[in-house]
Structures are given as C-alpha cells and as structure tokens.
Amino acid sequence: EQALQHLKKALFEPPVLSRPTNEEVLYLYLVVASEAISAALIRETTKGQKPVYFTSKALQGPEL
C-alpha cells in the first residue's frame with residue numbers, strides 16, 4: 001500500500017527542472033542500452049535529488 005501511494009504521488013507531482021547554484025556539485029546519471037542512451041544531470045538538496053537536465057536518444061538503424 002505504501003509503495004502504491006508513493007507511486008501515485010510521483011505521478012501526480014512530476015519533478016521540475018531546477019537551476020544549480022555556482023560551485024554546486026552535480027551528478028550525471030548515464031544509462032546505456034542496446035536501444036537507447038539516456039543521461040540526467042542531478043543536484044542534491046536537503047529535500048532529495050532534483051533534476052537539472054535530462055536527454056534521451058533512441059538508437060535506430062546503423063547506430064545499433
């Protein structure tokens with residue numbers, strides 16, 4: 001039940017991109033699969049992680 005409530009909250013309150021401050025540490029999460037590449041730039045706050053930038057590219061044809 002708790003997991004379902006957490007999922008509902010995440011779906012109804014999507015993360016909004018945030019602006020980093022000067023000299024703030026940023027984390028890059030990179031995911032590579034045979035069909036796509038995704039990257040997320042994240043900053044850490046007292047309330048948790050906040051996205052700064054996200055990009056994704058589907059690989060097709062000769063890129064595979």
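What follows draws every value from the coordinates through simple rules; no lab data is involved. In this text the structure is predicted, and so the values were computed from the model without any measurement.
Which three extents, in whole angstrom, do the alpha-carbon atoms of the chain cover along their principal axes, largest first?
Over the chain, Cα extents along the principal axes are 43, 40, 14 Å.
Want the number for S56 to A36: 0.36 nm per residue separation, take away the alpha-carbon distance, what's left?
Taking 0.36 nm per residue and subtracting the Cα distance, the gain is 6.5 nm.
Percent relative contact order of the stretch 16-63, based on C-alpha pairs within less than 8 angstrom and at least six residues apart?
Computed value for the stretch 16-63: 35 percent relative contact order.
Measure nothing but the geometry: give the 0 to 90° angle between the long axis through the Cα atoms of 2-12 and the longest principal axis through the Cα atoms of the chain, rounded to 10°.
For helix 2-12, the angle is close to 70 degrees.
For the chain, what is the calculated [θ] at 222 nm in deg cm²/dmol (nearest 500), taking -39500 (n - 2.57) for each run of four or more DSSP H residues and dividing by its residue count?
That comes out to -5000 deg cm²/dmol.
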